[in-house]
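Let me begin by presenting the structure, written as structure tokens, before commenting on it.
The values are calculated or read from the model by the stated rules, or taken from the named source; none is laboratory data. Note that this is a predicted model, so its numbers are computed, not measured. Neighbour counts are summed over all protein chains in view; Cβ atoms, including those assigned to glycine, are modelled from backbone coordinates with ideal geometry. Heads up: the accessible areas ignore ligands, DNA and RNA and are worked out on the full protein's heavy atoms, side chains in. Shrake-Rupley method; radii C 1.70, N 1.55, O 1.52, S 1.80 Å.
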Amino acid sequence: MSGSLPKIFSDIGIARTFASDETLFRAGQPSRFFYRIEAGMVRRYVAVSARCRQITGFSLPGDWIIASLTGQSRYSADAIDAVTATSFAQSLIARAWRECPAILEEFHRLAHDQLAAAEDHLRLLGHRRSEDKIAEFLLMMRDRWGQAGIKSITVHLPMPRRDIADYLGVTVETVSRTLARFARERVILLVPEGVRLMEPDILRRDLATR
């Protein structure tokens, strides 16, 4: 359901806007809504301690955010930049499933995609070298923007360096140092909106040889 929504959804969805760093929901709160991101980017994370968090993913336009099917939200979600989303009450989604079984099949596919994304994240965290994590992250984000219908040599990265570090399990200094080295080697070009991949084949080849 990354394209246009079926009409049954347009009848029950509510347009929402969130400012940069505004919270969509917090872990431990009752989970009452599903969200579909229409514009902007959302960080999803769990708090490891009072000062430490693990970012579990970034939601882009076309992505659905489902905190929990029952009970409390399992993680928190904040807007990274200005976000437009459509929210759906879980009770109304359940009615839509009953009225249109094909929609339930789509949500099964969505659950499969999210499981695959979690496995990709675990594989990325498993890289021994920090530069490999960062290289794969850049390639992954380029592909994800492409899947969202935005294909460009520039990888849009509205999140701060700390978000990338908390996603990859490295320090902010490591992220900054590695991006600076990639830029010196002219593999990437740092631009205000993110990173321009000048030599993506080099990043891909280096990963393949590890």
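I need the strands (runs of 3 or more DSSP E) fully contained in segment 31-98, keeping only those with at least 2 residues that are among the hydroxyl-bearing types (Ser, Thr, Tyr) and surrounded by 16 or more Cβ atoms within 10 Å (Cβ to Cβ).
Values: elements: 33-39, 42-47, 53-59, 64-66, 76-79, 83-89.
Ranges flagged: 53-59, 83-89.
Exactly one of these conditions fails for Ile65: (1) among the β-branched types (Val, Ile, Thr); (2) over 11 Å from the mean Cα position of the chain (by Cα); (3) at pLDDT 90 or above. Give me its number.
(2)
Listed here are the residues, each with its yes/no results for (1) open to solvent by less than 30 Å² (accessible area, probe 1.4 Å); (2) in a helix (DSSP H, G or I); (3) not aliphatic (A, V, I, L, M).
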residue: Asp143; (1), (2), (3): no, yes, yes
residue: Lys151; (1), (2), (3): no, no, yes
residue: Asp163; (1), (2), (3): yes, yes, yes
residue: Val175; (1), (2), (3): yes, yes, no
residue: Ala180; (1), (2), (3): no, yes, no
residue: Val195; (1), (2), (3): yes, no, no
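Kindly provide the set of residues from segment 19-37 that are of a type in the set (D, E, K, R) and at pLDDT below 95, ordered by number. Explain how you work it out, then say what you get.
Step one: of segment 19-37, the residues of a type in the set (D, E, K, R) are 21-22, 26, 32, 36.
Result: Arg26, Arg32, Arg36.
Pull up segment 111-133, narrow it to residues that are surrounded by 10 or more Cβ atoms within 10 Å (Cβ to Cβ) and assigned to a loop (DSSP other than H, G, I, E, B), then point me to the one that is modelled with the highest pLDDT.
The extreme case among them is Arg129.
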